[in-house]
Every structure is written in C-alpha cells, then in structure tokens.
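Values quoted throughout were computed directly from the atomic coordinates according to the rules given, and no laboratory measurement underlies them. Here the structure is a predicted model, which means the values were calculated and not measured. Don't worry about glycine lacking a Cβ; one is built from the backbone with ideal geometry, like all the others, and counts go over all protein chains shown.
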Amino acid sequence: MQFGTMVHFETGNLNIEERFSRLREYGIPTCQLCSWTPKVFTPEHAERIARAAAAYGIRISAFWCGYEGPRVWNFYEGQRTLGLVPEEWRQTRIRNLCDGADFARQISESPSYPFPPITDIVTHIGFIPENPYDLAFMPLCEAIRTVADHLAASGQVLLFETGQETPVTLLRCFETVGRPNLGVNIDTANLILYGKANPVDALDILGPHIRGVHAKDGLYPVNGHELGREVPIGKGKVDFPAFFRRLKEFDYDGAITIEREIGNPEELDAIIAARDYLAAVWRQTDEITSSKHI
C-alpha cells in the first residue's frame with residue numbers, strides 16, 4: 001500500500017519542484033494534485049508538473065479539481081455555494097471541471113510523465129438533495145452527466161468526494177445520472193464532520209464504487225450550523241483498523257492520501273506522523289487477515 005498526500009498548485013504557490021522534492025525526501029511516493037485556480041490549467045504548467053513528477057519520482061494518483069466562485073464550508077452558506085448545486089455558478093463550474101480534466105490529461109500525455117495516466121478527477125459536487133423530488137435534483141444530475149460525458153471521451157472517471165450527502169443519497173445520484181464513469185473518493189473524516197455517516201458503515205453502500213481514499217480524522221458536529229472539528233489522525237472518531245479491514249474486503253489497491261491541511265510549518269510533520277500510524281494499522285490488518293487463512 002502506498003501512502004500519499006495532497007499537493008496544491010495554485011496562483012502564488014506554483015513551485016511544484018520544491019514540494020515534490022520534499023515528498024521524495026520524506027519517502028512519500030504519491031499525491032493527489034489539487035488546484036482551485038482554473039487559470040493555471042495551461043499546457044505549460046502541465047509540462048512543468050510532468051517533468052517534476054519524473055524528476056522526483058512522484059506519481060499523481062488523482063487530480064482534485066476545484067472551481068471558481070464562493071465556497072463556504074458549513075451547513076448553511078455551504079448549501080448555496082458549493083459544487084454544481086448553485087444554479088448561478090453551475091455552467092462556470094462545469095467548464096472548470098472539464099478544463100481540469102483536460103489539464104490532467106495534458107500532464108498524462110506529456111512524454112516526460114513516466115507514470116500511468118491520471119484518470120481520476122475528484123471534486124465536491126455540493127450538497128446533493130436528499131429528496132429525489134427536490135426541484136434542484138434533476139438539473140444537478142444533468143450537470144453531472146455533462147461533466148461525466150466529457151471525461152469519458154478521455155477515459156477519465158469523475159469521483160465524488162464524500163461528506164456533504166448521505167451514502168444512499170450519493171448512490172441514488174449515481175443511479176439517476178446513469179453513467180459508468182462515476183466513482184467515490186471516500187474521505188474518512190468528512191462523513192463524520194458533516195454528520196452524514198460512519199465511514200466504516202458507509203463502505204457497505206459505497207464500497208464497490210471506491211477509487212480513492214482521503215485519510216483524515218475528526219469529530220461529529222456539536223451544533224446545526226458548523227461542521228465538526230478536524231483532529232490529528234488517530235485522535236478522532238474514525239476507526240481506522242475497522243475501516244482498513246472493510247476496505248480490503250473490496251480489494252482496494254489505490255493510494256491512501258493523507259489530508260492534513262493545517263496551514264503551518266508543522267503540516268509535513270503531521271503528515272509523516274499520520275503516515276507512520278496508518279502504515280502500522282495497515283500492517284496489523286494484514287496480519288489479522290493472514291492469520292484467519294492459516
């Protein structure tokens with residue numbers, strides 16, 4: 001199992017060589033490349049990223065694609081600002097996601113890029129209506145279908161990052177959109193931070209669709225306005241031993257991407273500590289699984 005982390009590529013933070021160099025120094029072989037700045041989706045930047053990946057041996061497991069416009073991470077303004085749900089931002093963000101997928105394809109197609117193509121495009125779709133009769137539900141599904149069809153032409157898959165909807169709501173959305181290139185990037189903490197599910201139990205519903213994992217920890221909400229609080233991995237409500245055991249039942253073989261974005265100089269130290277903790281848990285689950293087959 002490979003453990004990776006998130007690497008941002010944004011205006012004012014374009015030194016991808018420095019960040020890939022640090023990942024190599026600390027023995028982190030993969031990352032999800034993330035950008036919330038669509039104007040950096042250029043062929044020149046794609047080539048630069050491809051060369052840096054080759055130089056430092058960092059495989060990009062997925063492209064996490066952000067979008068233009070307001071975004072508020074709570075239960076009130078978040079309903080009106082996130083993903084493809086807000087009608088006033090929908091067409092802009094459809095274009096952003098399609099452009100981001102094309103950017104990932106340009107990285108993959110560079111002669112400099114030595115790894116398998118970047119097929120997985122991850123994003124937050126927004127607060128998908130739980131009620132299928134909500135008037136916002138079908139237009140949202142049509143927007144998702146437009147993005148999925150664009151990605152399909154390049155052999156790419158649209159991954160929904162979990163958190164803002166219940167697992168059943170996400171499954172219903174997949175069924176309604178009706179496209180085979182939809183998948184899940186399960187964020188272990190988001191399901192808790194949004195109060196939507198326990199990540200272990202969520203695998204009963206979403207397990208067959210999992211193509212990416214964000215390892216993160218957190219606590220449940222304590223009021224109806226704000227999300228729960230993120231905490232260091234191993235200090236929150238995520239039962240990582242149980243989650244890994246269940247994940248293995250679905251033969252998951254992708255990367256585990258540690259998301260610990262605390263925005264200070266200790267961030268990388270926190271990621272290394274999380275990597276070491278998770279690697280130990282993964283080995284323990286391997287030993288338990290092996291002993292059951294003796």
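A Cβ-based charge dipole, computed about the Cα centre of segment 3-292 with Lys and Arg at +1 and Asp and Glu at -1, lands at about 260 debye. When its C-alpha radius of gyration is set against 2.2 N^0.38 Å (N residues), segment 179-223 gives a value of 1.21. Each helix, a run of at least 4 DSSP H residues, gives -39500 (n - 2.57); summed and divided by the residues of the chain, these come to -13500 deg cm²/dmol at 222 nm. Between R59 and E109, residue separation times 0.36 nm minus the direct Cα-Cα distance comes to 16.6 nm.
Can you give the translational diffusion coefficient of segment 177-284 in µm²/s, computed by Stokes-Einstein from the Kirkwood radius over Cα pairs at 20 °C and 1.002 mPa s? The diffusion coefficient I find is 148 µm²/s.
Between the beta carbons of D253 and D134, assuming R0 = 45 Å, the FRET efficiency works out to 0.80 to the nearest 0.05.
Averaging 1/r across all pairs of distinct Cα atoms in segment 89-134 and inverting the result yields a Kirkwood radius of 12.8 Å.
For the chain, lysine pairs with C-alpha atoms less than 24 angstrom apart, excluding pairs fewer than eight positions apart on the same chain, total 10. Using 0.36 nm per residue and subtracting the Cα-Cα separation, the extra length available between D201 and N15 on full extension is 63.0 nm. As a rough guide to protection, the peptides 111-122, 206-217 ranked by mean Cβ packing within 10 Å, highest first, stand as 206-217, 111-122. Distances between every pair of Cα atoms in segment 1-132, grouped in 10 Å steps from 0 to the bin holding the largest one, split as 13, 41, 29, 15, 2 percent. Spin-label model, D149/N74: points 7 Å from Cα along the beta carbon direction are separated by 3.8 nm. Here the label points at E88 and E226, each 7 Å from Cα along the C-beta direction, are separated by 2.6 nm in the simple model.
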